[in-house]
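Asker: Take this structure first; my questions come after.
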Amino acid sequence: MPKYLLIMRGTDESNAAMMADIDEMMATTRQFIEEMVKAGVLLAAEGLDDPGQGVVVDFSGEAPVVTDGPYGETKELFGGFFLVDVASKQEAVEWAKRVPAAPGSKIEVRRVPGSDEVPQVDE
């Protein structure tokens, strides 16, 4: 079965709304994860730390440049993911529609190609 990554993307506003009631959001998310486990589709799920705690490695120039935090003009940030093993993109979309998310958030659904789909380099 194909794998799909359900990528949680939020804005400053949607992230603030989620943090305002974090206990309820965490309880709802735990319940959602339990449903995915019972259905046998969940492979992994992780949330990410505050983007201000990360760094960006930029390969635009001759040498990589490391800067603190996310890109300055970023409107949406990757906040976490669910990796699911489902029969189709439509099934992945149905799970994505059920993700507990604050208003203004988005869930991006992307297929994860299998190792047999990665182009092989002849040596």
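Asker: Just give me the residues in the stretch 33-55 being surrounded by 11 or more Cβ atoms within 10 Å (Cβ to Cβ) and either at pLDDT below 85 or closer than 17 Å to Pro103 by Cα (or both), in sequence order.
Answerer: Residues satisfying the conditions are Asp50, Pro51.
Asker: Take the residues in the stretch 59-90 that are at pLDDT below 90, part of a loop (DSSP other than H, G, I, E, B) and of a type in the set (D, E, K, R), then tell me which one is surrounded by the fewest Cβ atoms within 10 Å (Cβ to Cβ).
Answerer: Checking each candidate, the answer is Glu73.
Asker: Continuing with the same structure: Could you list, in sequence order, all residues of the stretch 25-55 that are over 19 Å from Ile7 (Cβ atoms) and not in a helix (DSSP H, G or I)?
Answerer: Within the stretch 25-55, Gly40, Val55 qualify.
Asker: Check the stretch 41-53 and report whether any residue there is without any contact (Cβ under 8 Å) to a residue 24 or more places away in the chain, on the phi > 0 side of the Ramachandran plot and not hydrophobic (A, V, I, L, M, F, W, C).
Answerer: Residues of the stretch 41-53 without any contact (Cβ under 8 Å) to a residue 24 or more places away in the chain: 49-50, 52-53.
Then drop every residue that is not on the phi > 0 side of the Ramachandran plot, which leaves none.
Scanning the stretch 41-53, I find no residue that is without any contact (Cβ under 8 Å) to a residue 24 or more places away in the chain, on the phi > 0 side of the Ramachandran plot and not hydrophobic (A, V, I, L, M, F, W, C), so the answer is no.
Asker: Right, something else. Which residue out of Met25, Met8 is in contact (Cβ under 8 Å) with a residue 40 or more places away in the chain and touching a strand residue (DSSP E or B) at 6+ places or on another chain (Cβ under 7 Å)? Give the derivation first.
Answerer: Details: Met25 fails: touching a strand residue (DSSP E or B) at 6+ places or on another chain (Cβ under 7 Å).
Exactly one of Met25, Met8 is in contact (Cβ under 8 Å) with a residue 40 or more places away in the chain and touching a strand residue (DSSP E or B) at 6+ places or on another chain (Cβ under 7 Å), namely Met8.
The values are calculated or read from the model by the stated rules, or taken from the named source; none is laboratory data. All values derive from a computational prediction rather than experimental measurement. Backbone-built Cβ (ideal geometry, glycine too); neighbour counts: all protein chains shown.
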